[in-house]
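Values quoted throughout were computed directly from the atomic coordinates according to the rules given, and no laboratory measurement underlies them. Keep in mind that what you see is a predicted model, and the values were worked out from it rather than measured. All Cβ positions, glycine included, derive from the backbone under ideal geometry; neighbour counts span all protein chains shown.
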Amino acid sequence: MKVRAVRGAITVDKNTQKEIDKQTKKLLTTIFEQNNIEVDDICFILFTVTEDLYRAFPAAAARTMGLNNVPLLDVAQMKVENSLNMCIRAMIVFNTEKSLNEIKHIYLDKATSLRPDLNSAERGAYNLNINIAIDGPAGAGKSTVAKILAKKLKMKYIDTGAMYRAVTLKALENKKETEQEIIDIAKKIDIRFAQDKIYVDGEDVTQKIRDKNIDNKVSDVAKIEEVRKIMLKSQQQLAKAKNVIMDGRDIGTTVMPHADFKFFLTADLTERAKRRYKQVSQIDKNMKFEEIKNEIQARDTKDKKRKCSPLLAAQDAIIIDTTDKSIEQVIDEIMSHVKGVGSDAL
Ligand code: C5P
């Protein structure tokens, strides 16, 4: 065991005993939880308090948490121009097996601004600096899950299927059918992702690329080797910035072979068709379940059988069968793997 120290800080909205008590407890509880600190391990706790908080001592709040035998001390915070008001800082000295870089310093509420280099559990600002690849067949839930994860983990989501759909849309709109014509489109196309929308040559095509004509044609476009090479280049460019979640068919195998996490989502065909039917039938009442099921199956077969980077789970991918799972269960499962990464924030 070594003697180490952990730092933390929190702000208080009102100079009242109730608020000071509440925030002190919140700060201490979070520090204890995040660092697995037991009362018996604590040597002492030092609080410093800004002079605008004079209605209660943080140490008094700590006492009510069962820290009766731990030495506690409140000290006035030195006055520094433009520094944070209504702030309680704490330093806990304790015995631990943890190494210095395993200690999680905790800055909550407005006090997060004191240490922007750290992530706080409160803010949910994970900034893990990792890339996540999610692959799988159509309707396995990839994009739904990836979008939620991206929000939760504050990462950028890139839907690579949308890129192949965009090329397909341009080809259909311009009645281009030969391989060479489609390659020329892929070379020139300008695809941008912004605020949950996809823009192609400046036009918002978010809805258009989900059309059934695109569903039926996209796999034929995506199997053209030269088109894939062009898409691969821009996908890898996008993935260069860390904190990217990318979904598709070949992300774990080809686009991000060194992704920190790779997941392959599957589900049985009928379940996938049901999910797609639920989405599509809201827009197109004439759509038949069997038609959707056949379209998905045909697309899967083409995606799996193509020569160039087919739909395939990477050898090191974590395979999740989502057939009987809710979205929340899938997210929880993925989070349980990602949490192991050891970030301050988790
Ligand atoms: O994911 P989504 O269903 O929108 O993908 C549409 C199609 O784009 C897939 O069926 C596949 O043919 C192609 N695709 C691909 N490689 C990717 C992503 C999508 O070949 N990485």
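Which lysines, if any, have their Cα less than 17 Å from the Cα of Lys152, not counting same-chain residues under 8 positions apart?
Filter leaves Lys142, Lys242, Lys339.
If you average the sequence gap of Cα pairs under 8 Å that are 6 or more apart and divide by the length of the chain, what percent do you get for the contact order?
Working: 569 pairs, mean separation 67.2, N = 346.
Value for the chain: 19 percent.
Run down the aspartates and glutamates and flag those whose C-alpha is under 19 Å from the C-alpha of Lys274, throwing out any fewer than 8 positions away in its chain.
Once the sequence-local aspartates and glutamates are set aside, what remains near Lys274 is Asp211, Asp215, Asp284, Glu290, Glu291, Glu295, Asp300, Asp321, Asp324, Glu328.
If we count other beta carbons within 10 Å of each Cβ, what is the order of Met1, Met335, Met231, fewest first? Please report the intermediate quantities before stating the final value.
Numbers: Met1 9, Met335 14, Met231 25.
With the sparsest Cβ surroundings first, the list reads Met1, Met335, Met231.
Once the piece of chain linking Lys240 and Lys274 is laid out straight, how much longer is it, given 0.36 nm per residue of separation minus the C-alpha distance between them?
8.7 nm
Length gain on complete extension for the stretch Leu232 to His258, per 0.36 nm per residue less the alpha carbon to alpha carbon distance? Walk me through the numbers on the way to the answer.
Working: separation 26, 0.36 × 26 = 9.36 nm, distance 1.45 nm.
Extending this stretch completely gives an extra 7.9 nm.
At a 10 Å Cβ-Cβ cut-off, how would you order Arg276, Arg63, fewest neighbours first?
Numbers: Arg276 19, Arg63 13.
Listing Arg276, Arg63 from fewest to most nearby Cβ atoms yields Arg63, Arg276.
Given the options Lys278, Lys293, Lys152, state which has the largest fluctuation in a GNM of the chain using a 10 Å cut-off (strictly under) for Cα springs.
Of Lys278, Lys293, Lys152, the most mobile in the Gaussian network model is Lys278.
Roughly how big is the chain's charge dipole about its Cα centre, with Cβ charges of +1 (Lys, Arg) and -1 (Asp, Glu), in debye to the nearest 20?
For the chain, the charge dipole is close to 520 debye.
Starting from the 7 Å offset along Cα-to-Cβ, what nm value, one decimal, do you get for the label separation of Leu73 and Thr323?
6.4 nm
In a shell of Cβ-Cβ distance under 15 Å around Val70, excluding Val70 itself, what net charge do Lys and Arg (+1) and Asp and Glu (-1) give?
Net charge in that neighbourhood comes out at -2.
For Lys22, which lysines qualify as cross-link partners when the Cα separation must be under 20 Å and same-chain residues fewer than eight apart are set aside?
Answer for Lys22, where 20 Å is the Cα cut-off: Lys14, Lys110, listed by chain and number.
For each of His105, His337, His258, count neighbouring Cβ atoms within 10 Å of the residue's Cβ, then give the residues from fewest to most.
His258, His337, His105
What's the long-distance tail for the range 131-341, i.e. % of Cα pairs beyond 28 Å?
Here the long-distance tail beyond 28 Å is 24 percent of all Cα pairs in the range 131-341.
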